[in-house]
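Just below is one structure, and these are the notes that go with it.
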Amino acid sequence: MSAAEVLKQKKITYDYVLQKLVELPTLPAIVGEITKLINDPMSSTKEIVKVMENDQAITTKVLKLINSAYYAIPGGVKSLERAIALLGFDEVYQLVLSTSVFKSLKTQADPGFDIKKFWQHSIGVAMTAQVVGKHLQHKAPHDLFTAGLVHDMGKVALIKIDAEYVGQISKFARETKITYDQAEDQLECVKHSIVGHMLAQKWNLPMHLQSAIRYHHVVDIDMRKTLSSEMNQFVDIIIFSNMLMHFFGFGDSGYGVKVKAPESLTARLSIQGVAVKEIALKVHEVLEDAERFLEIIGAD
């Protein structure tokens with residue numbers, strides 16, 4: 001039976017997915033509590049530390065990540081107070097959010113491709129997006145890191161709903177040498193970007209993350225008319241970073257074809273010529289820490 005026939009029999013619609021999303025794990029309470037504190041100008045470091053200490057598992061992971069080679073902080077960090085002092089509220093929050101999302105989406109299901117390589121790709125996009133953000137002097141490169149990590153979370157949501165469904169789309173994409181997104185279109189399947197956006201809305205994730213998840217395959221800026229110029233740049237960085245990771249062959253998100261970033265995208269980002277080479281070299285450096293980062297964030 002062909003992939004198209006298998007998928008047609010499953011009859012997975014957006015309404016069906018919406019019903020199933022209710023069954024997926026919610027984000028830990030710590031995320032909502034810290035979000036409120038981050039958005040309250042009167043909150044203090046002590047209040048944030050107190051909330052984080054209520055979830056020792058996440059706190060331990062955050063400290064391990066901060067002490068990883070990726071951050072390379074001289075002497076290391078032993079306390080949350082020190083971590084916040086060095087990195088700031090926002091970056092620590094992004095690590096809490098990233099760790100929480102990873103925990104909630106963790107799955108042992110076999111969708112037809114390596115889940116570990118899937119997350120390796122996602123972390124690669126995250127690290128690349130942060131490198132690009134710093135190159136462009138983006139005001140919040142840590143936000144770009146989180147967006148890169150979760151940009152494909154619609155695929156994981158679908159894996160948790162029906163692993164074979166994702167596996168068949170991936171198989172078709174590989175056999176026909178097209179992208180996973182193109183395979184969804186040809187097979188008339190629900191789009192993982194829309195499913196990811198649905199879950200991001202359910203979890204009340206920040207709007208910049210929702211936009212990156214929803215539009216990470218939409219290169220044509222005219223198709224994102226509801227977004228501001230600032231948000232469009234944010235999405236462009238995630239799209240470029242995703243394409244770069246596929247071009248490098250770093251990790252695996254369900255297809256094997258390499259897509260070169262179009263000139264319209266690189267021109268909008270002012271990443272051309274020498275800039276591309278500089279970014280590529282820096283990305284190669286940070287990706288050396290990706291495996292250790294994945295081990296920490298995925299540890300039980």
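No value in this document is a laboratory result; all are computed from the given coordinates. Only a predicted model underlies this, so the values are computations on that prediction, with no experimental measurement involved. Here Cβ is always computed from backbone atoms with ideal geometry, including for glycine, and neighbour counts include all displayed protein chains.
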Out of the trypsin sites (Lys or Arg not before Pro) in region 232-290, which ones are loop residues according to DSSP with at most 16 other C-beta atoms within 10 Å?
K258, K260
Given contacts defined as C-alpha pairs under 8 Å and at least six residues apart, what's the relative contact order of region 57-114, whole-number percent?
36 percent
Taking Cα atoms of the chain, Rg/Rh with Kirkwood Rh, to two decimals?
0.96
Under Karplus coefficients 6.51, -1.76 and 1.60, residue-wise ³J(HN,Hα) of region 9-25 in Hz, glycine/proline x
5, 6, 6, 7, 10, 5, 5, 5, 4, 4, 5, 6, 4, 4, 7, 6, x
The pairs in K36/K106; K50/K134; K8/K260; K50/K202; K11/K191; K10/K260 lying past 23 Å Cα-Cα in this model are K36/K106; K50/K134; K8/K260; K50/K202; K10/K260
Residues K103, K11, sorted so that the one with the fewest Cβ neighbours within 10 Å comes first:
K11, K103
Could you go through region 236-248 in sequence order and give the Karplus-derived ³J(HN,Hα) for each residue, using 6.51 cos²θ - 1.76 cosθ + 1.60 with θ = phi - 60°, rounded to whole Hz, and x for Gly and Pro?
4, 5, 5, 4, 4, 5, 5, 5, 5, 5, 5, 5, 6
Student exercise, the chain dipole from Lys, Arg, Asp, Glu Cβ charges, in Debye to nearest 20
40 debye
Only Cα pairs under 8 Å and at least 6 apart count here; give the relative contact order of the chain as a rounded whole percent.
23 percent
How large is the helix-only mean residue ellipticity at 222 nm for the chain, computed as the sum of -39500 (n - 2.57) over DSSP H runs with n ≥ 4, divided by its residue count, in deg cm²/dmol to the nearest 500?
-20500 deg cm²/dmol
Please give the charge dipole size of region 66-170, origin at the Cα centre, charges +1 on K and R Cβ atoms and -1 on D and E Cβ atoms. Round to the nearest 20 debye.
240 debye
Vicinal HN-Hα couplings computed from phi for region 134-149 (Karplus, 6.51 cos²θ - 1.76 cosθ + 1.60; Hz; Gly/Pro x):
5, 4, 8, 6, 5, 5, 9, x, 5, 5, 5, 4, 4, 4, x, 5
Classified through the alpha carbon gyration tensor (a ≥ b ≥ c as square roots of its eigenvalues; rounded if a/c is under 1.5, else prolate when a/b is larger than b/c, else oblate), region 177-300 comes out rounded
For a quick protection proxy, order the peptides 90-96, 142-148, 22-28, 53-59 by their average other-Cβ count within 10 Å, most packed first.
142-148, 90-96, 53-59, 22-28
Cα-centre dipole for region 15-80 with unit charges at Cβ (Lys and Arg positive, Asp and Glu negative), debye to 20
320 debye
